Amino acid sequence: MLSQLTIRNFRNLSALDLEFPPGGAVIIGENGQGKTNLLEAIYYLVLFRSLRGAKDGELVRFGSDGFFVGGTAADHRITAGYEIAGHRKKVTVDGVAADKLSEVVGRLLAVPFSPADAGVVGSGPAARRRYLDVVLSVSDRAYLTRLAEMRAALRQRNAALRRGRGDEARAFDAPLAEGATHVAAARRRWVDQWSARYGELCAALGESDRAEMRYHAHQPAADDASGWRERLAGSLDRDLRRAMTTVGPHRDDLKLALGGRELRAYGSAGQHRTAAIALRVLEAETLAAARGGREPPIGLFDDVFAELDEGRQERLLRLIQESLPGQAIVVAPREAEVPAALFDRPRWQLKGGRIVG
Ligand code: ATP
Ligand code: MG
């Protein structure tokens, strides 16, 4: 639960100091006033990265040299600051600077719901890999460490391939294989563990056809690091020709299907939205399970109710009560778009990046 939030020069939010009640708040503001920016600032304290995948530099208010976000949650103070000069990012917990982000990611837990989530279902595999990677990183620090190692090795291997240096590229096969083994196995475990629940959630949200989720390896996965090393060695010639690493979990996908057909290709806009919401509820349940039920994650709702018909809205609210029983911070352009059930919270008006009433 977030009790206090300080924001300085984060996007259009020049200076905000907010006290949140345990139930959360409803924030109303016209288009372009900073509602999504506010949720992005809160979520920055979860992942220390932009929720929308923006670069840190883009989060700095135009004309400023850096931004700052600080929050108090369960008596801990978490802060994040970024300075454009030198691209310096500093994260602290209770005044102590964190050496590694992997130590502090997931201290505060929140689940962001946004209409843009439908794009995770409807676009290419990268968005769904990012979803998996965020859920797993926030719920399991070891995963984040492995993922970072894998990405660093991949970057360096690809750079060597682009220079046409197969000998240099091969030097990264071992660390890449090590990371790939863990990343692929953890993703697959998660999907196996939660796929039945995904189907239940889609049904609970009103989908009548059977919803399925499965992990799809771009090429058959290896069983262990030595298997991945062999695959990498075997693909070196092709990788050199294409100047990129063509095998590994960085090419996999989370396949979503409805009634036996791939949602990405055949689903309607409403079906994409439903699946996206089911994925967010799944994220909430994963984080709650990782915490052993203590301190449920905060729900950050960016105008998600407006697009749903009444039946789906009610079903979603019921799911939220079960799976995200903690704080809810809801933003919307109009009060009419916030369901009555969430109205027992203070209501604030946001205009030009400031709370005006
Ligand atoms: P909508 O209802 O349309 O979703 P919103 O209230 O969620 O609107 P935001 O996305 O939070 O709007 O804020 C958008 C505003 O923030 C835009 O006016 C944009 O120009 C401004 N903005 C984005 N990045 C920066 C930045 N780095 N510095 C200053 N302003 C920024
Ligand atoms: Mg917005």
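Just so it is clear, none of the values below were taken in a lab; they were calculated from the coordinates. Only a predicted model underlies this, so the values are computations on that prediction, with no experimental measurement involved. Ideal geometry is used to build each Cβ from the backbone, glycine not excepted, and the neighbour counts take in all protein chains shown.
Things worth noting here:
- Computed over the chain, the P(r) curve from all C-alpha pair distances, binned at 10 Å from the origin, holds 5, 23, 30, 26, 13, 3, 0 percent per bin.
- Cα-based shape type of region 288-343, given that a ≥ b ≥ c are square roots of the gyration tensor eigenvalues and the cut on a/c is 1.5: prolate
- When only the Cβ of Lys, Arg, Asp and Glu is charged (+1, +1, -1, -1), the dipole of region 213-328 relative to its Cα centre reaches about 380 debye.
- Looking at region 276-357, the trypsin sites (Lys or Arg not before Pro) that sit in a DSSP loop and have at most 10 other Cβ atoms within 10 Å of their own Cβ are R294.
- Computed over region 83-226, the P(r) tail beyond 27 angstrom holds 38 percent of alpha carbon pairs.
- Among V120, V111, the ranking by other beta carbons within 10 Å of each residue's beta carbon, starting with the fewest, stands as V120, V111.
- In this structure the amide hydrogen of R11, modeled in the peptide plane, comes within under 5 Å of the amide hydrogens of V60, R61, none closer than 5 places in sequence on its chain.
- Against the chain, whose longest principal axis comes from its Cα atoms, helix 269-290 is set at around 90 degrees.
- Dimensionless Rg over Rh [region 208-297; C-alpha; Kirkwood]: 1.12
- Neighbour-limited loop hits for trypsin sites (Lys or Arg not before Pro), region 66-143 (at most 14 other Cβ within 10 Å; DSSP other than H, G, I, E, B): K100
- Placing +1 on the Cβ of every Lys and Arg and -1 on the Cβ of every Asp and Glu, with no other charges, gives the chain a dipole of roughly 1040 debye about its Cα centre.
- Along the chain, the longest continuous region that contains none of the chymotrypsin sites (Phe, Trp or Tyr not before Pro) in a DSSP loop with at most 12 other C-beta atoms within 10 Å is 63-342.
- Per-residue Cβ neighbour counts within 10 Å put T245, T72, T181 in the sequence T72, T181, T245, beginning with the fewest.
- Residue-averaged 222 nm ellipticity for the chain, from DSSP H runs of 4+ at -39500 (n - 2.57), nearest 500: -13500 deg cm²/dmol
- Anisotropy class of region 143-220 from Cα gyration tensor, a/c 1.5 cut: prolate
- Just checking the listed ones, A336, A186, A225: in the Gaussian network model of the chain with Cα springs under 10 Å, the one fluctuating most is A336.
- Separation of the alpha carbons by more than 27 angstrom is noted, of K90/K255; K35/K55; K35/K100, for K90/K255; K35/K100.
- Among G357, A204, A243 the positive-end extreme of the charge dipole of region 198-357 (Cβ point charges): A243
- Ordering L5, V91, V191 by Cα displacement along the dipole of the chain toward the positive end leaves V91 in first place; charges were set at the Cβ atoms of Lys, Arg (+1) and Asp, Glu (-1).
- Local electrostatic count, S114, Cβ distance below 13 Å [Lys/Arg +1, Asp/Glu -1]: -2
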